Amino acid sequence: MFDVNLRTPFYSGEVIQESLELATVMKMNDAEVPQVLALLGLPGYEPAAPDHLRLGAERLLEEFPLLEMVAVTRGGHGSLLVKREEWHEHPGVQVNVADTIGAGDASTAAMTHYLLQGASLAALNEAGNRWGAWVASQAGAMPVLSDAVRAGISAAIEG
């Protein structure tokens, strides 16, 4: 799982290229899609196109044979998961945001957990959005998680 996290000055096209040559799953946010494609010198990306995030993800899948899935998070607007043969879009889970720190990491961890269990794209997307939204609704990057909350979120994902 390659979670892009572009933070100046700690990235380059070369680092992204090398990472993608080793990864089977890539996760980035919607703002990072055009940056990553530009850093890799991949032509044909039109940010004004209606399906630009999906098309950008498909371009990465074409370029990197080992890559099996690209996940694009969109904050409170959900996420998009793209494989070569299918894709799934999630509208997001609406919450009152208290603190976004850790939400992306929670989303990545949840998707990874369900991916390792062989879950469908819809379940991966639901898990990532549910856990990311819950962390964003709490103060701090590592909020206390009660058994009741864990069971409720798990039931919503698996229900």
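Values for this structure:
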| quantity | calculated |
| --- | --- |
| Long-range amide H partners of Lys27 with built H, under 5 Å | Phe2, Asp3, Val4, Ala71 |
| Rounded to 5, the percent of DSSP beta bridges in the chain classed as antiparallel | 55 percent |
| Cα→Cβ-extended label distance, 7 Å offset, between Glu63 and Val95, nm | 3.2 nm |
| Residue among Gln117, Val144, His90 farthest towards the positive dipole end of the chain, charges placed on Cβ | Val144 |
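Throughout, read-outs are computed from the coordinates displayed, never taken from laboratory work. All of these numbers come straight from a predicted model, not from anything done at the bench. Note that each Cβ is placed from the backbone with ideal geometry, even for glycine, and that neighbours are counted across all protein chains shown.
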